Amino acid sequence: MRFVRCVNGGRTSRHRAWPRRALLVMILLAAVVAAREAPLPPTSIPVRVILVANDVRDSMNMVFLHSTSGWRKYPTYVNAANYGRGTPIWQETMRCLRGHISTDTLWITAWESPRGERAFAAAVTGECDDRPDAVGSWHTHPWRADSIAMPVKIRELSIGDLRAFRASADRIALAQWDRDSIAGAVRAFNGSVQYPVQVQVQLRPRLDSTAAEPDTTGTR
């Protein structure tokens, strides 16, 4: 250990070099500050609600109605896979979602068509661009008719949907099974998948007191 010899009024004394001690204290203080628990990032707040904006909701409904327009043509006992790719009956449709997160709500603000979309009778594939506001994708679950010509509605994400979602880097996955009716899953900040998660559509201001028109097809 180094010592410094000083002369004070003819008397000699030894002491440790104070600049090194001060530097050591500063380093220890910096280490204590760095060791404090850092605040959690904004994405660590659990997403409890997915909210779809009005204009996005309207366009999603149009895509769904178009994809499910031929639901009465064949009953459910007909094997949809027999029709293969390119058949307009029971084809699923996929779109890429854009949005942002505000506290515990994920807002869907826009969507766009994927690249290389391939639609099948019970599946759909495509590739979404890696944009800063990309949050995931949504696809339709077209209806099929049962033996009494009522719609068969798949109201949840299938096992295949959830498996594909877990293997992706998307933040959310949605499946629309009726007008204004969407099932959703969300990926938490730690990578775990939360399903189901509440999906809502933004309420419109009431322009008059007329009641909303119900769906023309009964829900089962």
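The values are calculated or read from the model by the stated rules, or taken from the named source; none is laboratory data. Only a predicted model underlies this, so the values are computations on that prediction, with no experimental measurement involved. Cβ: placed from backbone, ideal geometry, glycine included. Neighbour counts: every protein chain shown.
Table for the structure above
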quantity	calculated
Residues being more than 28 Å from N190 (Cα to Cα) and among the charged types (D, E, K, R) - total across the stretch 123-172	3
Enumeration of residues in the stretch 183-198 that are assigned to a strand (DSSP E or B) and either at pLDDT 95 or above or not basic (K, R) (or both)	A183, G184, A185, V186, V193, Q194, Y195, P196, V197, Q198
Hey, R204 farther than 21 Å from S67 by Cα and at pLDDT 90 or above or not	no
Subset of the stretch 146-166 that is hydrophobic (A, V, I, L, M, F, W, C) and part of a loop (DSSP other than H, G, I, E, B) - its residue that is nearest to the chain's Cα centre (by Cα)	L157
Yes/no for Q176 being in contact with a strand residue (DSSP E or B) (Cβ under 6 Å, 6 or more places away or on another chain) and surrounded by fewer than 15 Cβ atoms within 10 Å (Cβ to Cβ)	no
Residue in the stretch 112-129 that is under 12 Å from the mean Cα position of the chain (by Cα) and at pLDDT 90 or above present	no
